[in-house]
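The values are calculated or read from the model by the stated rules, or taken from the named source; none is laboratory data. Note that this is a predicted model, so its numbers are computed, not measured. Here the Cβ is made from the backbone with ideal geometry for all residues, glycine too, and neighbour counts use every protein chain on show.
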Amino acid sequence: MNEKKLIRIPTPARYLINLVLIVALYLVIDALKNAGVITKYWNGILIVVGINIILATSLNIATGYLGQLPLGHAGFMAIGAYTGGILMKSLPVDKMVAAGDTMGALPYILLAILCSAIIAGLFGLLIGIPALRLRGDYLAIITLGFGEIIRVVLTNIDSVLGFKFTYGSAGLKRIPKFSTFGLVFICVVVCCGLIHMMMKSRHGRAVLSIRDNEIAAESVGINTTYYKTMAFVFSAMLAGVAGCLYAGYLGSLVPSTFKFMKSIEILVMVVLGGMGSMLGSILSATVLTLLPELLRSVADYRMVAYSLLLVIMMIFRPKGLLGSYDFSMSRVLEKFLNWITGRSKAADAAKSEKEAAK
Amino acid sequence: MSLVFSQLVNGLQLGSIYALVALGYSMVYGIILLLNFAHGDIIMVGAYTVYYSMTMFGFHPIVSVLLAIVISTLLGVTIEKVAYTPLRSAPRLSLLITAIGISFLLENGAQLLFGADTKSMNVLISGSVQIGSTNLSLAAIVTIAVSVVAMIILTILVQKTKLGKAMRAVSEDMGSAQLMGISLNRTISFTFAVGSALAGIGSVLYLCAYPQASPTMGSMLGLKAFVAAVLGGIGSIPGAMIGGFAIGLLEALASAVGLSTWKDAVVFSILIVVLIVKPTGILGRKITEKV
């Protein structure tokens with residue numbers, strides 16, 4: 001009865017819109033850097049923001065989308081960081097990085113990031129297969145134990161088969177500082193893009209169905225163990241990427257960075273932003289990284305505030321600030337176009353007519 | 001021989017502390033299926049209570065000990081009332097995250113209030129007893145004796161009294177228990193009170209072994225006690241006891257063979273192995289899920 005259908009932006013165009021927005025964001029930040037608005041100090045903080053975004057969005061896969069509570073995310077990050085750090089130290093990239101020859105070092109950097117992801121993923125598989133078979137809180141406990149084991153092992157081992165590797169509690173030092181803002185930015189975009197694409201796919205819907213009702217999901221033929229493990233390993237892999245970038249940013253690693261506290265910090269970001277919302281994770285990772293920098297004078301109260309926030313959030317708004325809402329530029333554009341052309345009114349009228357007919 | 005014996009006693013001393021703390025975890029988990037992460041930090045508060053009442057106010061050790069137990073109990077019940085009661089019908093994940101939040105709140109709050117440094121105090125119990133050719137510290141004997149007595153009292157409380165019956169009923173089926181006229185709020189609060197009182201006793205016994213208090217002392221102790229509870233079978237009182245002694249002996253063994261820096265890793269590896277091989281623990285009952 002209504003000849004005018006609602007405007008829908010086709011999927012390729014949606015991706016194009018997002019790409020344009022992301023490039024625009026990069027150009028704006030780059031211009032600000034060139035103009036001297038963003039100093040070297042703030043450039044470093046932006047890199048940390050990027051790393052935290054990857055950590056939060058990757059934990060969000062396991063917590064928000066899968067509905068589990070891993071408490072050892074820092075462990076996977078540690079594995080990625082040490083893998084990346086050791087690789088970059090042994091590869092001949094030191095001079096290239098020091099000279100700022102990013103293009104020359106890029107293949108090695110990509111190799112290090114990939115290896116970090118794969119090894120963190122392997123550990124994720126190792127832990128995930130037994131842990132995800134169990135129900136309830138056991139995953140939380142196993143991952144917590146795993147994170148602690150990783151830290152104790154890294155503290156106590158300094159050589160593997162006679163090769164000086166991790167340097168124990170003294171820490172891994174003199175890693176080439178390869179994490180530039182551009183690299184981290186691209187990694188954030190790729191990670192978020194991968195998560196988005198996975199969650200919109202058939203596999204992603206299977207993961208969501210497990211979160212909502214595991215028994216029902218199983219009864220419609222979803223291999224729950226497979227999908228749970230897949231999501232968990234994916235989450236661990238991205239944490240490995242974040243760890244690798246972290247190693248390249250700091251240039252030195254000590255095992256005590258990757259304490260239980262670090263896992264909780266990441267969890268706070270996810271919970272605050274909204275479990276199951278990528279935008280929520282990104283925003284809260286950004287805010288929670290920038291805020292302590294801006295409020296240096298009250299930095300001592302940071303952890304107290306975090307923990308209070310966690311409790312208050314759970315009591316009054318357990319879904320997080322954004323709930324499971326995700327922002328889509330294309331959706332906003334669609335709404336705008338429909339509103340401009342007056343199609344949304346026609347559609348609303350048609351809808352209410354239909355309901356009245358019922 | 002005497003070295004083995006003294007290590008054994010050390011292990012049992014540590015194990016009885018773990019067992020007492022594990023009991024608190026186990027009881028709370030048995031009744032509302034919550035991993036009370038804040039339980040370990042209640043021990044920390046208890047230890048600070050003893051420290052301040054002895055050094056600042058100059059109270060007699062016995063008064064300080066009683067004060068620590070009372071404050072721990074009050075703290076446990078307050079946490080339950082403020083943070084866990086509003087979430088009783090919320091998803092398990094929210095409850096777990098709240099527990100983590102409370103735990104970090106206590107730790108960081110203590111760090112702000114008392115400072116991050118370790119506070120050392122006088123030993124509560126000194127002296128030793130000669131048995132055969134070995135010297136046994138009095139603290140070890142008192143610790144083991146107190147924990148065994150506490151567990152006997154607890155078993156009687158749960159098995160023989162009316163409140164214990166109510167606790168068992170609530171852990172069996174919350175809804176039906178309520179229909180039978182059992183006050184949920186009172187029973188759950190009582191469980192928290194008993195668990196926290198045990199944590200208070202645990203903190204005092206811990207101070208007998210290591211006379212110092214620091215803001216993060218509770219977290220590792222709590223986690224290991226939790227491992228003990230899982231190992232013994234969560235929700236079971238004798239299980240928590242067995243698990244606690246097992247973990248304590250294991251740690252003493254790890255230290256004895258020169259792996260003391262690895263003992264945390266050993267404990268958590270045990271946890272992972274137990275959860276994979278027998279998730280219900282040594283004495284745990286199997287929970288079947290209803291669709």
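Across the range A:212-219, a minimum of one residue is classified as of a type in the set (A, V, I, L, M), within 14 Å of chain B (Cβ to nearest Cβ) and out of contact with any helix residue (DSSP H, G or I) (no Cβ under 7 Å at 6 or more places or on another chain).
One line per residue, one yes/no per condition, for (1) surrounded by fewer than 24 Cβ atoms within 10 Å (Cβ to Cβ); (2) part of a helix (DSSP H, G or I); (3) not aromatic (Phe, Trp, Tyr):
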{"site": "A:Ile17", "(1), (2), (3)": "yes, yes, yes"}
{"site": "A:Leu21", "(1), (2), (3)": "yes, yes, yes"}
{"site": "A:Leu25", "(1), (2), (3)": "yes, yes, yes"}
{"site": "A:Lys33", "(1), (2), (3)": "yes, yes, yes"}
{"site": "A:Gly67", "(1), (2), (3)": "yes, no, yes"}
{"site": "A:Leu71", "(1), (2), (3)": "no, no, yes"}
{"site": "A:Gly75", "(1), (2), (3)": "no, yes, yes"}
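When residues in the range B:42-70 are screened for being over 15 Å from B:Tyr206 (Cβ atoms), of a type in the set (Val, Ile, Thr) and touching a helix residue (DSSP H, G or I) at 6+ places or on another chain (Cβ under 8 Å), 2 of them pass. Filtering the range A:116-129 to residues that are more than 14 Å from chain B (Cβ to nearest Cβ) and free of Cβ contacts under 8 Å to residues at least 40 places away in the same chain leaves only A:Leu122.
Being at pLDDT 90 or above and in contact with a Ser or Thr (Cβ under 7 Å, 6 or more places away or on another chain) is the filter; apply it to the range B:29-48 and report the residue that is surrounded by the fewest Cβ atoms within 10 Å (Cβ to Cβ). Before the answer, list the steps.
Step one: filter the range B:29-48 for residues at pLDDT 90 or above, giving B:38-48.
Remaining after also requiring in contact with a Ser or Thr (Cβ under 7 Å, 6 or more places away or on another chain): B:38, B:40-43, B:45-47.
Working: B:Ala38: 29, B:Gly40: 27, B:Asp41: 28, B:Ile42: 32, B:Ile43: 33, B:Val45: 25, B:Gly46: 31, B:Ala47: 29.
So the residue we want is B:Val45.
Please work out if B:Phe59 is of a type outside the set (S, T, N, Q), at the interface with chain A (Cβ under 8 Å from one of its Cβ atoms) and in contact with a Ser or Thr (Cβ under 6 Å, 6 or more places away or on another chain). No: the conditions fail for B:Phe59. Annotation: B:Val45 fulfils all but one of (1) under 19 Å from B:Ser189 (Cβ atoms); (2) within 14 Å of another protein chain (Cβ to nearest Cβ); the unmet one is (2).
Kindly evaluate A:Ile45 against the criterion of being more than 20 Å from A:Met278 (Cα to Cα), in a helix (DSSP H, G or I) and not small (Gly, Ala, Ser). Taking the combined requirement at face value, the residue satisfies it.
Here B:Phe104 fulfils each of the conditions (1) away from chain A (no Cβ under 14 Å); (2) crowded, with 18+ Cβ neighbours inside 10 Å; (3) not hydroxyl-bearing (Ser, Thr, Tyr) apart from (1).
Summed over the range B:230-267, residues that are over 21 Å from B:Ala140 (Cβ atoms), more than 10 Å from chain A (Cβ to nearest Cβ) and either hydrophobic (A, V, I, L, M, F, W, C) or touching a helix residue (DSSP H, G or I) at 6+ places or on another chain (Cβ under 8 Å) (or both) total 8.
Looking at the range B:107-142 only, could you name the residues that are more than 14 Å from every other protein chain (Cβ to nearest Cβ) and touching a Gly at 6+ places or on another chain (Cβ under 8 Å)? Correct list: B:Ser137, B:Leu138.
Yes or no: A:Lys89 charged (D, E, K, R), in contact with a strand residue (DSSP E or B) (Cβ under 9 Å, 6 or more places away or on another chain), in a helix (DSSP H, G or I) and more than 14 Å from A:Ala231 (Cα to Cα)?
Numbers: charged (D, E, K, R): yes; in contact with a strand residue (DSSP E or B) (Cβ under 9 Å, 6 or more places away or on another chain): yes; in a helix (DSSP H, G or I): yes; more than 14 Å from A:Ala231 (Cα to Cα): yes.
Criteria met by A:Lys89.
For the range A:37-47, name all the residues that are exposed (fewer than 12 other Cβ atoms within 10 Å of the Cβ) and at pLDDT 80 or above. Quick ask: steps written out before the conclusion?
In the first step, residues of the range A:37-47 are kept if they are exposed (fewer than 12 other Cβ atoms within 10 Å of the Cβ); the result is A:37, A:39-41.
Those that are exposed (fewer than 12 other Cβ atoms within 10 Å of the Cβ) and at pLDDT 80 or above: A:Thr39, A:Lys40, A:Tyr41.
Rundown of residues vs (1) more than 19 Å from B:Gly101 (Cβ to Cβ); (2) more than 14 Å from the chain's Cα centre (by Cα), yes/no style:
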{"position": "B:Met27", "(1), (2)": "yes, no"}
{"position": "B:Ile31", "(1), (2)": "yes, yes"}
{"position": "B:Leu35", "(1), (2)": "no, no"}
{"position": "B:Ala38", "(1), (2)": "no, no"}
{"position": "B:Ile42", "(1), (2)": "no, no"}
{"position": "B:Ala47", "(1), (2)": "yes, no"}
{"position": "B:Tyr52", "(1), (2)": "yes, yes"}
{"position": "B:Gly58", "(1), (2)": "yes, yes"}
{"position": "B:Ile62", "(1), (2)": "yes, yes"}
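The sole residue among A:Met237, A:Met230, A:Met275 that is in contact (Cβ under 8 Å) with a residue 24 or more places away in the chain, within 27 Å of B:Ser219 (Cα to Cα) and under 18 Å from the mean Cα position of the chain (by Cα) is A:Met275. One residue stands out among those in the range A:130-140 that are within 7 Å of chain B (Cβ to nearest Cβ) and at pLDDT 80 or above: the one that is nearest to B:Leu223 (Cα to Cα), which is A:Ala140.
Does the range B:247-256 contain any residue that is of a type outside the set (Phe, Trp, Tyr) and without any contact (Cβ under 8 Å) to a residue 24 or more places away in the chain? Please lay out each step first, then the result.
Filtering the range B:247-256 down to residues of a type outside the set (Phe, Trp, Tyr) leaves B:247-256.
Those still in the list that are without any contact (Cβ under 8 Å) to a residue 24 or more places away in the chain too: B:254.
Checking the range B:247-256: at least one residue is of a type outside the set (Phe, Trp, Tyr) and without any contact (Cβ under 8 Å) to a residue 24 or more places away in the chain.
Which fully enclosed helices (runs of 4 or more DSSP H) of the range B:3-115 have 1 or more residues being in contact with a Pro (Cβ under 8 Å, 6 or more places away or on another chain)? First the steps, then the outcome.
On the way: elements: B:39-55, B:61-79, B:92-114.
Filter on the range B:3-115 gives B:39-55, B:92-114.
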